[in-house]
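FYI, it's all coordinate maths here, none of it is from the lab. As the structure is a computational prediction, the values presented were derived from the model and not from experiment. As a convention, Cβ positions derive from the backbone with ideal geometry for all residues, glycine included, and neighbour counts pool all protein chains shown.
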């Protein structure tokens, strides 16, 4: 048998919500706008699956570089490398 290694593996604690939190004003979060050069934090909302960045980037801070459809492109540093993360506005917060 081989263990499955899906997108959400090893992230049970990170991608769960408290029972009493509910849907957490997802409409307001979806309508927020960001400008290029603005600092944002990547905070994954597990109740919204679309446009979810990889769990390894949860809690990271970066700059908005551009837009791709409804999603935003966020530039972060991962060690010495610079990476571009594509995430929906539901998973981003202003810093």
Legend entry - residue 34 surrounded by 11 or more Cβ atoms within 10 Å (Cβ to Cβ) and either in contact with a helix residue (DSSP H, G or I) (Cβ under 9 Å, 6 or more places away or on another chain) or without any contact (Cβ under 8 Å) to a residue 12 or more places away in the chain (or both): yes
Legend entry - Subset of the stretch 26-42 [assigned to a loop (DSSP other than H, G, I, E, B) and under 16 Å from the mean Cα position of the chain (by Cα)]: 31, 32, 33, 34, 38
Legend entry - Filter result (touching a helix residue (DSSP H, G or I) at 6+ places or on another chain (Cβ under 8 Å) and within 20 Å of residue 15 (Cβ to Cβ)) within the stretch 51-70: 51, 52, 53
Inset, instruction - Quick one: in the stretch 54-66, of everything that is in contact with a strand residue (DSSP E or B) (Cβ under 7 Å, 6 or more places away or on another chain) and outside any loop (DSSP other than H, G, I, E, B), which residue is surrounded by the most Cβ atoms within 10 Å (Cβ to Cβ)? - result: 62
Legend entry - Per-region count, the stretch 72-88, residues surrounded by 13 or more Cβ atoms within 10 Å (Cβ to Cβ) and more than 22 Å from residue 31 (Cα to Cα): 2
